[in-house]
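Coordinate-derived values only; no laboratory data. Computed from a predicted structure; not experimentally measured. Glycine gets a Cβ as well: all are built from the backbone with ideal geometry, and neighbour counts include every protein chain shown.
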Amino acid sequence: MPAKEYLMIPGPTPVPPQVSAAMSRPIGGHRTDEFARIHQGIVEKLKTVFQTQNDIFVLTHSGTGGMETAVANTVNPGDKVLALVTGNFGERFAKIARAYGALVDEVDFGWGKDVDLAVVEEKLKANPDYKAVLATQNETSTGVTNDIAGIGALVAKTPALLLVDGISGVGGIEIKTDAWGVDVLITASQKAMMLPPGLAMVAVSKKAWEAVEKCRSPRFYFSLPAAKKAVEKWNTAYTPGVSLFYGLEAALELMMAEGMDNVYARHGLLARAVRAAVRALGLTLLPEERCASNTVTAIHGPDGVGADELRKVLKNRYGVVFAGGQGILKGKIFRIAHMGYAGKTDVLVAVGALEMALAELGYPAELGRGMKAAQEVFLGGSD
């Protein structure tokens, strides 16, 4: 009998049964009063998650589509853009800006490192003509969370817009869109929002709208003005993923019922337990503890054991799926996601399987040591 699969990758993540049930309801029309009611309720709840009064658009495309929407509507060919890179998705943001003709000043802080605010401050002072700053809230490829509040405070002193990729953070790691001066915030359905892939959610500030209205970059499907015109009647510019909207409504209801403070606390607890288990097993985290993510933990492959070989044993023998490294970290790290529809038992399953896989591959891991460390965190002991 094949092993039950435990999906612990940073997207797509497991979907709650309530969300699956909502998505299986008979399909309805997207130009109806019923869909308009659902759409309006979704946006109202998203404002709570995003902590914003800005316009929010639910768009039928991937997270990368959300990133492109942010750039396509604010950046003109020839505009200077500062890209703050801490991994694969920071690099992607910069690539999108280049595709739209931006002059990108890319600062690479290193994979596994977070953004150095002193460098950002220096760059902003030396380049008062930046049109936008591209930042990543939570770098999925490295398990690093950046200080968006600190970056936002610096950018707010300038005419530049702050565009933030919150795709693997929003819904699991708190972000205060308005208080932190985020002009465009992007997230997607398949991470902490507990849905299959297919929706991007984009919040747009008044400051950003001024740039949108003057933007000369060509766009059609990615047009925010088209989305804004449609949403005045709680409609969408183009055919939406109707079933995904049903699922998003259900997912947001689950989040509201749990309470966002409790959602963030749960993610923090799971992350501490995973990190404690990893340390107890003698493994090394990629990022420093101070900037380690609460939604995904990145871990160096153990000495003498290939990270991808370990992942293969975990999947084939125990049905536990971890993510591998990307880009320059391919084959060097593995990543354990604990976001969205995740709880204590998921972590214990992952840690227990990790211990057995390590033992099978000859790594000197004491069985039960990682489990004990995670259990102590869950029981309120040392972490």
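A few remarks follow.
- Net lengthening on full extension, Lys157/Met256 (0.36 nm per residue, minus Cα-Cα): 32.3 nm
- Of the DSSP H helices in the chain, those with a Cα length along their own long axis of 18 Å or more and a mean Kyte-Doolittle hydropathy reaching -0.5 comprise 33-50, 242-258, 260-280, 344-360.
- Compactness check for the chain: Cα Rg over 2.2 N^0.38 Å is 0.99.
- Based on Cα contacts under 8 Å between residues 6+ apart, the chain shows a relative contact order of 22 percent.
- Among Ile328, Ile96, Ile151: highest mean-square fluctuation, GNM of the chain, C-alpha pairs under 10 Å: Ile328
- In segment 17-257, the DSSP beta bridges split such that about 40 percent are antiparallel, to the nearest 5.
- If R0 is taken as 30 Å, the Cβ-Cβ distance between Lys214 and Arg37 corresponds to a FRET efficiency of 0.30.
- Alpha carbon centroid spacing (whole Å) that separates segment 306-329 from segment 14-62: 34 Å
- This ranking places Trp234, Trp111, Trp180, Trp209 by how few other beta-carbon atoms lie within 10 Å of each, fewest first, which gives Trp234, Trp209, Trp180, Trp111.
- Among Thr295, Thr345, Thr145, the order by Cβ neighbours within 10 angstrom, fewest to most, reads Thr345, Thr145, Thr295.
- Nearest-20 debye value, segment 1-106 charge dipole, Cβ charges on Lys, Arg, Asp, Glu: 240 debye
- Furthest towards positive pole of dipole, Thr69, Trp111, Ile96, structure part segment 46-129, Cβ charges: Thr69
- If only the Cβ of Lys and Arg carry +1 and only the Cβ of Asp and Glu carry -1, the dipole of segment 251-351 around its Cα centre is close to 320 debye.
- Placing +1 on the Cβ of every Lys and Arg and -1 on the Cβ of every Asp and Glu, with nothing else charged, gives the chain a dipole about its Cα centre of roughly 600 debye.
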